[in-house]
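The values are calculated or read from the model by the stated rules, or taken from the named source; none is laboratory data. Here the structure is a predicted model, which means the values were calculated and not measured. FYI the Cβ positions are ideal-geometry reconstructions off the backbone, even for glycines, and counts take in every protein chain you see. For the accessible areas, the whole protein counts, side chains as well, though only heavy atoms, and no ligand, DNA or RNA atoms are used. Shrake-Rupley method; radii C 1.70, N 1.55, O 1.52, S 1.80 Å.
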Amino acid sequence: MSSQPPLLQAQNLTFGFGGLPLLKDLTFTLGQGERIALVGHNGCGKSTLMKLLSGEYLPDRGSLFLQPGAHFFFMEQEPEFDETLSLQEVVCQGLPEVLEKESYRATVLLEELGLDPERKCQNLSGGEHRRVALAQALVGEPDILLMDEPTNHLDIQTIQWLEEKLRALRGALLLISHDRTFLGSITNRIFWLEGGALRRCERGFSHFEAWQDEVYEAIEKEASRLDKHLALEDRWLQRGVTARRKRNQGRLRKLEVLRKARASLMKERQMGKLPAAVAEDSGKLVADLDGVSFDFGDKPILEAFTTRIQKGDKIGIIGPNGSGKTTLLRVLLGDLQPKSGIVTLGTKQQRALFDQNKAQLDPKKTLVETLCPDGGDHVTYQDRKMHVIGYLKKFFFDKDQMTASVGTLSGGEKNRLLLAKILAVPSNVLILDEPTNDLDIDTLDLLSDLLLDYPGTIIVVSHDRDFLDQVATSVIFMDGSGDVHEFAGGFQDGLKALESKKKPKKTPKLEKKEEVKASLPKVEAPQKLSFKHKYILENNPGKIEACTENLQDLDKKLGDPALFSKDPEGFQELVDARARLISEREILEEDLLEAMVLAEES
């Protein structure tokens, strides 16, 4: 946390849309250099809180203090632009008054994002629209930046560009995103919104799952001590996520088996040992591509690409926007004929398609009518009949929403409903085009579970790196030049293999036997656990806990909006003490991690 006074202070913020308040007595600060992940399930009030902070909504109770002169910018989930303006003019709207003459900033950002500054804001694709919004948000280097799902419709290259920009941001950042890798890369604090209340963690999003489990365990212990029961109807969502997390090891083992099988298949294919497609058991083969090429005039998409997809494979397709992912998908499904090469499709395919445009949803129908178009109140999921209400609850819909029309749902809720719809249709091939957009993290956990348990074949286009690591047995990388590579494993596995493949191979030099022997690395004996490391293992957990408790006490004191004006020196002392505690805790955690690794190896 910065030694500067807070840029924004919220005190006892309360807000609702009639009835019970959605947000209750929220008190917090945003300070210089803080990059905060705002997390919570869909509908908990994350976007509403953003709109309160931006002034779009007025609180029912409580107050907001913005440091005088601070430049504030809120990037909404679906920003609207004047189509008569150029991209340059739209981006310059993000400049504060003191910088309004520095239009070159907009030019630089737009060119970095591959956009023409003179182009009009007409007929922009989803990805282009999002890049313009990013440039508008970043151009003025705001002191306080709020961003609601900034990575939607972005390819991985643009997401990585955004990560660099946000890490260099000097002001305060409050961020809503479903992209775990993105959040883990840039955030250093967490705000967790649940049941109208706000919990805070002084570490980045990579610590969220462990912290969440600790919170729920503490709640359960307290409930047990008071001889009370948790309200199951209110907490089934989070407890379900926790239960799934506890069986993650089993999921990972299952995924590893699938990935090894996929790697073995790819290796055999390269060696030419696989039998011809006609010898495959009926339905086992999904698609076989042998030396397939495709282009749009002078733009190559595929060049001599070879792969084989069999029942049970879970294939991720990834690449920049416009690189040809949808084209490859259509070739794999037989909807497009290649310019050269052979495509062999399997038999008895029953396909289910997740279309990111949600054309399969009728906005006038209710949720129940969407799932039961022919009437009745049951759906079939994996050969088992389920009541439609129970089935929809698995996708985080509550009973009150069953008769609501689809048109009233949020973007994330529509995505969940579409997933529920296609998974309730008998299929053996799932085609998912950007299924993770607008989904909250809990729903992504559920989707990962469902896809790992799906017995058929999955082909998914996604820019969500963590999601692909959780689900894919192999990943196809496309760069837009026709160069296509497939690697077994998830995104990180494929990325390492791709980088290794691109490294130039060194020509080995012939050396004398003695020189070779001298150049070999020495193998050191495993380190024994020293007294120091034993002491760290025994004592650091308690010290870390004490630091965390002291930080919470300091945060309560710093949450007083009158403190800075009433006692600036005392305020500064608390800020300095907080910074020392954070540094002390980081050192304790690093020492503990090192000792734990040594304990495992010794």
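State which residue is nearest to Asn188 (Cα to Cα) when the search covers only region 45-61 and only residues that are open to solvent by less than 30 Å² (accessible area, probe 1.4 Å) and in contact with a Gly (Cβ under 8 Å, 6 or more places away or on another chain).
The qualifying residue nearest to Asn188 (Cα to Cα) is Lys46.
For region 442-461, indicate whether the set of residues that are open to solvent by 30 Å² or more (accessible area, probe 1.4 Å), closer than 23 Å to Gly291 by Cα and in contact (Cβ under 8 Å) with a residue 60 or more places away in the chain is non-empty.
No: zero hits.
Among the residues of region 541-560, count how many are within 29 Å of the chain's Cα centre (by Cα) and open to solvent by 50 Å² or more (accessible area, probe 1.4 Å).
2
Could you give every pair whose Cβ atoms fall below 8 Å, whose first residue belongs to region 12-33 and is under 15 Å from Phe191 (Cα atoms) and without any contact (Cβ under 8 Å) to a residue 12 or more places away in the chain, and whose second residue is hydrophobic (A, V, I, L, M, F, W, C) and part of a strand (DSSP E or B), counting only separations of at least 6 or pairs across chains?
Close Cβ pairs satisfying both conditions: none exist.
Just checking, how many residues over region 568-582 are at pLDDT 75 or above and either under 29 Å from the mean Cα position of the chain (by Cα) or open to solvent by 20 Å² or more (accessible area, probe 1.4 Å) (or both)?
As a first pass, look at region 568-582 and keep what is at pLDDT 75 or above: 570, 573-574, 577-578, 580-582.
Those still in the list that are either under 29 Å from the mean Cα position of the chain (by Cα) or open to solvent by 20 Å² or more (accessible area, probe 1.4 Å) (or both) too: 573-574, 577, 580-582.
Qualifying residue count, region 568-582: 6.
Pull up region 154-163, narrow it to residues that are in a helix (DSSP H, G or I) and in contact with a Pro (Cβ under 7 Å, 6 or more places away or on another chain), then point me to the one that is least open to solvent (accessible area, probe 1.4 Å).
Only one residue fits best here, namely Leu162.
Yes or no: Ile476 at pLDDT 90 or above and touching a His at 6+ places or on another chain (Cβ under 8 Å)? Break it down stepwise before answering.
On the way: at pLDDT 90 or above: yes; touching a His at 6+ places or on another chain (Cβ under 8 Å): yes.
Taking the combined requirement at face value, the residue satisfies it.
Could you tell me which of the residues Leu64, Leu58 is without any contact (Cβ under 8 Å) to a residue 60 or more places away in the chain, of a type outside the set (D, E, K, R) and closer than 25 Å to Lys557 by Cα?
Of Leu64, Leu58, the one residue that is without any contact (Cβ under 8 Å) to a residue 60 or more places away in the chain, of a type outside the set (D, E, K, R) and closer than 25 Å to Lys557 by Cα is Leu64.
Does at least one position in region 340-347 carry a residue that is part of a strand (DSSP E or B), over 12 Å from Ala287 (Cα atoms) and without any contact (Cβ under 8 Å) to a residue 60 or more places away in the chain?
Yes, region 340-347 contains a residue that is part of a strand (DSSP E or B), over 12 Å from Ala287 (Cα atoms) and without any contact (Cβ under 8 Å) to a residue 60 or more places away in the chain.
Can you give me the number of residues within region 190-214 that are more than 11 Å from Val39 (Cβ to Cβ), under 18 Å from the mean Cα position of the chain (by Cα) and touching a residue at least 60 places away in the same chain (Cβ under 8 Å)?
The total comes to 1.
If I filter region 99-112 for residues that are in contact (Cβ under 8 Å) with a residue 24 or more places away in the chain and within 16 Å of Phe182 (Cβ to Cβ), do I get at least one hit?
The first filter runs over region 99-112 and keeps only residues in contact (Cβ under 8 Å) with a residue 24 or more places away in the chain, leaving 99, 105-106, 109-110, 112.
Subset that is within 16 Å of Phe182 (Cβ to Cβ): none.
Scanning region 99-112, I find no residue that is in contact (Cβ under 8 Å) with a residue 24 or more places away in the chain and within 16 Å of Phe182 (Cβ to Cβ), so the answer is no.
Matching residues to (1) free of Cβ contacts under 8 Å to residues at least 60 places away in the same chain; (2) not hydrophobic (A, V, I, L, M, F, W, C):
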| residue | (1), (2) |
| --- | --- |
| Pro320 | no, yes |
| Ser323 | no, yes |
| Arg330 | yes, yes |
| Gln349 | no, yes |
| Ala352 | no, no |
| Gln360 | no, yes |
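Of the residues Thr380, Thr306, which single one is hydroxyl-bearing (Ser, Thr, Tyr), modelled with pLDDT of 85 or more and either in contact with a Gly (Cβ under 9 Å, 6 or more places away or on another chain) or farther than 29 Å from Asp466 by Cα (or both)?
The conditions single out Thr306.
Taking Asn437, is it closer than 25 Å to Cys44 by Cα, within 16 Å of the chain's Cα centre (by Cα) and open to solvent by 10 Å² or more (accessible area, probe 1.4 Å)? Break it down stepwise before answering.
On the way: closer than 25 Å to Cys44 by Cα: yes; within 16 Å of the chain's Cα centre (by Cα): yes; open to solvent by 10 Å² or more (accessible area, probe 1.4 Å): yes.
Yes; evaluated as a whole, the condition is true for this residue.
Contact list please: Cβ distance under 8 Å, first residue in region 385-399 and hydroxyl-bearing (Ser, Thr, Tyr), second residue crowded, with 17+ Cβ neighbours inside 10 Å and in a helix (DSSP H, G or I), pairs at least six apart or on different chains.
Close Cβ pairs (under 8 Å, with a partner that is crowded, with 17+ Cβ neighbours inside 10 Å and in a helix (DSSP H, G or I)) amount to Tyr391/Leu371; Tyr391/Ala420.
Out of (1) under 30 Å from Asp25 (Cα atoms); (2) touching a residue at least 60 places away in the same chain (Cβ under 8 Å), the odd one out for Asp155 is which?
Condition (1) is where Asp155 drops out.
Out of all the residues in region 362-376, which are surrounded by 11 or more Cβ atoms within 10 Å (Cβ to Cβ), of a type in the set (Asp, Glu) and outside any helix (DSSP H, G or I)?
Asp362
Scanning for something of a type outside the set (Asp, Glu), in contact with a Leu (Cβ under 6 Å, 6 or more places away or on another chain) and over 25 Å from Ser103 (Cα atoms), does region 141-148 turn up at least one residue?
Checking region 141-148: not a single residue is of a type outside the set (Asp, Glu), in contact with a Leu (Cβ under 6 Å, 6 or more places away or on another chain) and over 25 Å from Ser103 (Cα atoms).
Output the residues belonging to region 104-153 that are polar (S, T, N, Q), open to solvent by 50 Å² or more (accessible area, probe 1.4 Å) and farther than 14 Å from Glu78 by Cα.
Of everything in region 104-153, those that are polar (S, T, N, Q), open to solvent by 50 Å² or more (accessible area, probe 1.4 Å) and farther than 14 Å from Glu78 by Cα turn out to be Gln122, Asn123.
Among the residues of region 405-420, are any among the hydroxyl-bearing types (Ser, Thr, Tyr) and open to solvent by less than 10 Å² (accessible area, probe 1.4 Å)?
So far as region 405-420 goes, no, none of its residues is among the hydroxyl-bearing types (Ser, Thr, Tyr) and open to solvent by less than 10 Å² (accessible area, probe 1.4 Å).
Scan region 327-360 residue by residue and report those that are open to solvent by 80 Å² or more (accessible area, probe 1.4 Å) and of a type in the set (Val, Ile, Thr).
Ile342
Can we say Glu80 is under 27 Å from Glu413 (Cβ atoms) and among the acidic types (Asp, Glu)?
yes
If you take the residues in region 168-182 that are touching a Leu at 6+ places or on another chain (Cβ under 7 Å) and either crowded, with 21+ Cβ neighbours inside 10 Å or among the hydroxyl-bearing types (Ser, Thr, Tyr) (or both), which one is modelled with the lowest pLDDT?
Of everything passing the filter in region 168-182, His178 is modelled with the lowest pLDDT.
Write out, first by first residue and then by second, each pair whose Cβ atoms fall under 8 Å of each other, whose residues are 6+ apart or on separate chains, and whose first residue, in region 274-303, is closer than 24 Å to Gly324 by Cβ while the second is surrounded by fewer than 21 Cβ atoms within 10 Å (Cβ to Cβ) and at pLDDT below 70.
Pairs found: Leu285/Ala277; Asp288/Ala277.
Identify, by number, the condition in (1) open to solvent by 50 Å² or more (accessible area, probe 1.4 Å); (2) within 15 Å of Leu193 (Cβ to Cβ) that Thr14 doesn't meet.
Result: Thr14 passes all but (1).
Hey, among Ser86, Ser103, which residue is of a type in the set (Ser, Thr, Tyr) and modelled with pLDDT under 90?
Ser103
Can you name the residue in region 17-39 that is open to solvent by 20 Å² or more (accessible area, probe 1.4 Å) and among the aliphatic types (A, V, I, L, M) and is also modelled with the lowest pLDDT among such residues?
Among them, the one singled out is Leu20.
Looking at Ser474, Ser462 in this structure, which one is hydroxyl-bearing (Ser, Thr, Tyr) and within 23 Å of Val39 (Cβ to Cβ)?
Details: Ser474 fails: within 23 Å of Val39 (Cβ to Cβ).
Unique residue meeting the criteria: Ser462.
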